[in-house]
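The values are calculated or read from the model by the stated rules, or taken from the named source; none is laboratory data. All of these numbers come straight from a predicted model, not from anything done at the bench. Every residue, glycine among them, receives a Cβ derived from its backbone with ideal geometry; neighbour counts consider all protein chains shown. Side chains included, ligands, DNA and RNA excluded: accessible areas come from the protein's heavy atoms. Shrake-Rupley method; radii C 1.70, N 1.55, O 1.52, S 1.80 Å.
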Amino acid sequence: MPKAMLLFTAIASLFGRTTLDAPGGRDYQIFCHNINNVELCVSNYGTFGRSETGAGCWWPIGSGHNYIFGAGPWVGARDTVIGDTLVTIGYGPHGGESEFAPGLCGMPVTHPDAIIYVHPQPWPPPSAIFPMAPQEPVSHQDSWCCYNDCDPVYHIPGDTRPLGIEVYQSVYVWNLTLLCDVAYLVYTIRNKSGQNMRDFYFGICADNDIGNEAGALANDCFGYIRGQYYVIDGDSLWIDDLVYQWQEGEEPGTPPWVAGVIGYDLIQTPFDLVAGMDKDGDGILDQYERDSAYYVNNLPVDKWDVDRDGVPDWRDPSQIPQLGMTALQVFTLELEPNLDFERYLSLAGYNFRTMVYEPFPTVPIQDPGDIRYVQCSGPFELLADSTVTVALALVFANWEGIYMAPDTAVARVDHWAQYVFDRNWFVPGPPPAPGLTLVPGDAKVTLVWDNVPEQVGDSWFDLVGVDPTSPLYDPYYLQYDFEGYRVWKSLTGRAGSWELLASYDLANGIVFEDLDFQPEPLRATDAGVAHVFTDNDVRNGFLYYYAVTSFDYNMVKTVVGDSVFPTPVWFESGKTALSAVPRRDPANYLAPGEPVIEWLSGNQNIAELVSAAVAFPMAIDPAYPLYIEYLAQDTATLFSVDTLGNPVPYDGAQYTALLKDGHAILDTIRYAVKIGAGYIPHEIAPPRNGLLIRPDIGTPELPAGFAVFDTVEIVTGSYPAGFLVADIVAPLPQAADSADTLYDRGIWAWRGNDYEVVWRRKDPGGPVNTVEVRDLATGMAIPYATFQNNSATRHLGAGWCFTWHGSLGQVWTKQSRDTLQALGLTTERTRYLYIDGGVVGLRNNQYVLDTIRPVEGETWIIRANSAYLPASVYGSVRITATPAVLTETAATLNVKVVPNPYIIANEWQTRSVQRRVRFINLPNECTIRIFNLNGELVRTLKHRETSAGGVPNDLGGDEWWNVLNDFDQLVASGVYIFHVQSDVGEQVGKFVIVN
């Protein structure tokens, strides 16, 4: 395509940089959306798909495959005074022109607020200046700006004049699997002329230029869909108002790629309402389509929101008849509408060359070629100070080798684009990606991320999970559905280049595998959630990209015939890439010590349940210890699911741990889990005092039946030791099929601690018949409780009692007592002592004898099963660490220059014009002076170990030199001397440059 004239006349001045002052003081700004697979440049003057230097829409992201050379909106109307036809263009394919100016009518184009606002920064647009602007984001990467055509200075001279309109442009991009190949542009046009505008038209003009369209290489193909059903994988999809272009095969001068297709869908156009008619056949006359009173007074409630998207139909554009795409005019570089009346004719559906009304091509498009077009909707009336909204979806798809034709591929993506818009941007989705920090180190990069996704509820729940009377109500949908994280790495940051490094998910009993999930199979294995990962598979001096995504697990209501049941669904957030360069530590850097875990109270083995890792080495304050305190457990009801999907209860325990400092509680961790299922590893995020603390919660993994106690030691007294049986098996909870399923109802109270039992007389002068029980690990007295091993008394499982029953697999029919029953019927005499989920046999599992009793003050030690660590209850530990420091004492420096000799081509260079020499093993702060052999100073470099806004010590002991002197000139080949000066030492060395 011969576009040299365009490059010289338009791009050189118009797109020289992201923000520049063009002649006349006009301010231009371009922002590139890049949150999903679509890299799309938008501007604050109407043009989109244009970068500062050329094409500005690439797909997939990072591939370098361009799909748009330039595009923008056209608006046209008839002058109500003299009948002249006026058109304002946001992009002219012949010269790249735009007749819009940034800001509102009357606002100087250099006004500091006439910019593109992007969430999260800068955001929101100032409402005092832009009361029409959004204040809350809609997508994962919103942008908003406004522009106008009110100033004649910015119109093409001698041809056109202003209409008097403002355009408010919103761009929405989601990083979801469902929408990863879609970008939305929503235009709201306001009439500021003071006059009603008749015969108003809106159009999108596009010059797509897929790949290389220069000269004879012009090979784009063209198609459009006005209204057609597609049956794809069994789904019937209605597609309309879609224009698409594609290219077949590779071409010279572009990166290798699989041929793709780009589509433009007018997913919302002006309303098409004619009194007395029913354009959409819904039984409602057009004049009532936007009349809420008519709906309320004449239609049943279930007809107010027929698509069940939560928006009443009288306010729902998807339920109001629209004009749709009313014309499509195709033209080429050699023959384009360049004057206002030609452009207006094109918007109105006329062939501007023949003046014949031909709203759509009547003969096959001559493709492949350099095809441009304008996609139109109108006419309609735009009253003074009123607005109209038009929405465009840009959709992309691969088709070659997948579908027979490109329209099938793009139709599938377009269907979801329309569906999401019709649902008012409201669809189920994953939790947000966590906030990520990269900490480069010596031959490693440490990733640390926060726990925000774990705290954020699913917004879809607000629509489907709150009101049981709503037709959208879904009893299965969960408000909090976070499940896990996945850690990714890339050498380029481009789509398709990401390697999955690790996957973590909650240890909550949810296990699944999706082998078809893209780009890597998704698995939940109950591995436990982490917030730190260290990549040791890196080389110093090379750039690496990382991302951490979050995924969820939820249930949605599924209806098949008369059956209603839950179906699991899962989504993964998108990748937001951060980059880091691993480097050597400064020469005067002392690494942090390993965190120290000290037992303070409870079972001494409780310290083994807590671990810690250094996240930010230089952020540790040694005078700021942290503490983990495990509290008492409590009984809890858990649920499993039977083969029919019905919830089935069984007993569990709720465990609580506190993270504290010396003054306050910093975090609370609480889990209800199955006894014996294994500890739940928990990682407290974000880091505290530079440390990630990991307390295990729950109990160790236990067999289905295990002995709570090992042995009984008689410390003082005369009771026969051979009578005592300690290793009695306690069955663990299983899913219940009745209110009193046979298992140990008190096992939730198990601690894993030893107990002291002291025998006493309940009544002075009476027999020794009761006990005092104390937890030896905590010193706590264990209370008497009338536990009966049934559901009604399970809350009394934390205590002691005498019982006739020794089986913990049956409901106890006989009453528990606080006194030893040694007389009377043998069927009523005591046989066992129960303590916190376990029992001890008092006479070889038989009834006791009155003639063989413990004596007053007799003391026994009942020892816990030593094969297992304790439960996470009743104990505390302290966590301390020493920070990394940069010493101020003199050091023997060992600074090196790599590579040495430096040759212009080396593996650190990604481009031939990029020259990089690296000084390594530097002190944290120093001055590097480079001299030639004549003693002339060539370059002075100032090294700091921390970059602006970086984590402490992120630059470490490395510094780059671009092989330019202080005058930005390339130095000559030869031998050079360097001198490093610092507070901790000096060094002189030499190296060689070979250009």
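Worth a mention:
- Segments 375-388, 225-238 sorted - mean Cβ within 10 Å per residue, highest first: 375-388, 225-238
- Solvent accessible area, Å² - M107, 1.4 Å probe, full protein context: 30
- Helix 406-422 and the longest principal axis of the C-alpha atoms of the chain enclose an angle of approximately 70°.
- Once both labels are positioned 7 Å from their Cα atoms along Cα-to-Cβ, the gap between L590 and A735 label points is 5.8 nm.
- Around the Cα centre of the chain, unit charges on the Cβ atoms of Lys, Arg, Asp and Glu (plus for the first two, minus for the last two) sum to a dipole of about 2940 debye.
- Residues whose amide H comes within less than 5 Å of that of G985, counting only those at least five positions distant or on another chain, are A891 (H built at 1.01 Å from N in the peptide plane).
- For the peptides 625-633, 43-51, 268-276, residues were scored by their other Cβ atoms within 10 Å and the scores averaged per peptide; the highest-first order is 43-51, 625-633, 268-276.
- Amide hydrogen proximity for I697: with H placed 1.01 Å from N in the peptide plane, the residues at 5 or more positions away or on another chain lying under 5 Å are I680, H682.
- Listed values for the range 309-317 are Karplus-derived 3J(HN,Hα) couplings in whole Hz (6.51 cos²θ - 1.76 cosθ + 1.60, θ = phi - 60°), namely 9, x, 10, x, 4, 6, 10, 10, x, and x replaces Gly and Pro.
- Backbone phi angles across the range 690-706, fed through the Karplus curve with coefficients 6.51, -1.76 and 1.60 (θ = phi - 60°), yield HN-Hα couplings of x, 10, 9, 9, 10, x, 7, 10, x, 10, x, 5, 10, x, 4, x, 9 Hz in residue order; Gly and Pro are listed as x.
- When +1 charges are put on Lys and Arg Cβ atoms and -1 charges on Asp and Glu Cβ atoms, the dipole computed for the range 353-422 relative to its Cα centre reaches about 100 debye.
- Database remark: amide H of S63 closer than 5 angstrom to the amide H of A495 (H placed geometrically; neighbours at sequence offset of 5 or more, or on other chains; Pro and chain starts carry no H).
- The range 848-865 and the range 595-666 have Cα centres separated by 35 Å.
- Between M404 and N338, the FRET efficiency from the beta-carbon distance, with R0 = 30 Å, is close to 0.20.
- Extending 7 Å from Cα along the Cβ direction at E925 and again at D763 yields two label points whose distance is 8.4 nm.
- The 3J(HN,Hα) values that the Karplus relation (6.51, -1.76, 1.60; θ = phi - 60°) gives for the range 810-824 are, in residue order, 9, 5, 7, 7, 9, 5, 7, 9, 9, 10, 6, 9, 10, 10, x Hz. Gly and Pro appear as x.
- Pairs from K674/K814; K942/K990; K762/K814; K444/K660; K489/K896 whose Cα-Cα separation, in the structure shown, is over 24 Å: K674/K814; K444/K660; K489/K896
- Helical mean residue ellipticity (222 nm; -39500 (n - 2.57) per DSSP H run of 4+; nearest 500) of the chain: -1000 deg cm²/dmol
- Dipole of the chain [Lys/Arg +1, Asp/Glu -1 at C-beta], most positive-end residue of Q633, F271, W570: Q633
- Rounded to 0.05, the FRET efficiency of the A781 and R523 pair, given R0 = 56 Å and the Cβ-Cβ distance, is 0.75.
- Selection from P131, G164, G72 lying farthest towards where the dipole of the range 25-180 points positive, charges on Cβ: G72
- Computed from point charges on the beta carbon alone (+1 for Lys and Arg, -1 for Asp and Glu), the dipole magnitude for the range 397-517 about its Cα centre is near 420 Debye.
- Here the range 578-595 is scanned for amide nitrogen atoms under 14 Å from the site 7 Å beyond the Cα of N894 along Cα-to-Cβ, giving 584-589.
- In the chain, taking the dipole from charged Cβ atoms about the Cα centre, the farthest positive-side position among L176, M197, P93 is held by L176.
- Additional length obtainable on full extension of the chain from V511 to T492, 0.36 nm per residue less Cα span: 3.6 nm
- Extension gain, D818 to S386: 0.36 nm times the residue separation minus the Cα-Cα distance gives 147.2 nm.
- 19 Å reach of a label modelled at Y624, 7 Å along Cα-to-Cβ, counting backbone N of the range 430-448: 437-439, 448
- For the range 701-729 versus the range 203-239, the spacing of their alpha-carbon centroids is 79 Å.
- Protection proxy ranking for 677-688, 707-718, using the average of other Cβ atoms within 10 Å per residue and placing the highest first: 677-688, 707-718.
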